[in-house]
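Q: Sharing a structure, written as structure tokens. Questions coming.
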Amino acid sequence: MKITSATFVMSNSQVALCPKDRLAEYAFIGRSNVGKSSLINMLTQRKSLAKTSGRPGKTQLINHFLINKKWFLVDLPGYGYARVSKKSKKTFQKFITSYFEEREQLVNAFVLIDIRHEPQKIDFEFMEWLGTHQIPFSIVFTKADKLKASEVETHVANYLAKMTEEAWEEAPKHFVTSSSKYTGRDDLLHYIEQVNASLS
Ligand code: GDP
């Protein structure tokens, strides 16, 4: 897919106020610093469409970008636990779970994982939450340039193996990316293009 246009539409913290258009929507989410803004800028080839971590402000908002006047790329804030009771029952921030529960236009969530790290509980719990809510998702491994090619393969294989050991019957679709080297861009955009075509 060639990106011919990428424009910021709106930021807000309420799902009810998100764009009313019935365009296919793809959400990008992960822990803070995972490389989400860099990935969005790399995919859209816009230097600062998404604000990188250094710049505070939009971190707790749902950001909609219109791509090729055809689909929405949604930049979601980093997830974390919000403690809801004294029993310290942990849950994800309400407006993130509301977004996934209510946003009917959502086609796929891309969960970003830093390829260098061991599997983290919070990422597994978040993906499990998506699974139990039947929200389709794929994993996007980020910062692949920080590892040697051989390490990339073993890290990905170990990560996916841990998923199937712990909770999932099969590992989700995944992409390996590097924003600084443009790795994975074609694959990811091609996937979105295919899904868009299957919907029309
Ligand atoms: P966000 O908080 O998830 O939006 O993360 P950012 O995109 O702001 O990236 C966090 C840090 O990781 C920044 O210092 C980026 O320069 C760095 N970073 C992001 N993506 C890559 C990548 O693909 N390769 C390398 N080497 N560094 C990256």
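Q: Quick one: of the DSSP bridges fully inside the chain, what percent are antiparallel, nearest 5?
A: Among the beta bridges of the chain, antiparallel pairing accounts for roughly 45 percent.
Q: Keeping all protein chains in place, calculate the accessible area per residue for the chain (probe 1.4 angstrom), answer in Å².
A: Per residue, the chain has 53 Å² of solvent-accessible surface.
Q: Mind telling me which of Ser98, Ser150, Ser11 comes out most flexible in a GNM of the chain, alpha-carbon contacts under 10 Å?
A: Ser150
Q: Using only alpha-carbon positions, what ratio does the radius of gyration of segment 6-199 give when scaled by 2.2 N^0.38 Å?
A: 0.99
Q: If amide hydrogens are placed 1.01 Å from N in the peptide plane, which non-local residues have theirs closer than 5 Å to the one on Gln105?
A: Distant-sequence amide H within range of Gln105: zero hits.
Q: Going Cα to Cα from Lys173, which aspartates and glutamates come in below 12 Å? Please leave out same-chain ones fewer than 8 positions away.
A: Partners within reach: Asp187.
Q: Which of the lysines could a cross-linker span from Lys94 if the Cα-Cα distance has to be under 24 Å and same-chain partners fewer than 8 positions apart are dropped?
A: Cross-link targets: Lys20, Lys36, Lys51, Lys58, Lys86, Lys121.
Q: Show that you can apply the helix-only estimate: for the chain, add -39,500 (n - 2.57) for every DSSP H stretch of four or more residues, divide by all residues, and state [θ] at 222 nm to the nearest 500.
A: -10000 deg cm²/dmol
Q: At 1.4 Å probe size, with the rest of the protein present, what percent of the exposed accessible area of segment 6-199 is carbon and sulfur atoms?
A: 49 percent
The values are calculated or read from the model by the stated rules, or taken from the named source; none is laboratory data. Everything quoted here is computed from the prediction, not taken from an experiment. With ligands, DNA and RNA removed, areas are computed over all heavy atoms of the protein, side chains included. Shrake-Rupley method; radii C 1.70, N 1.55, O 1.52, S 1.80 Å.
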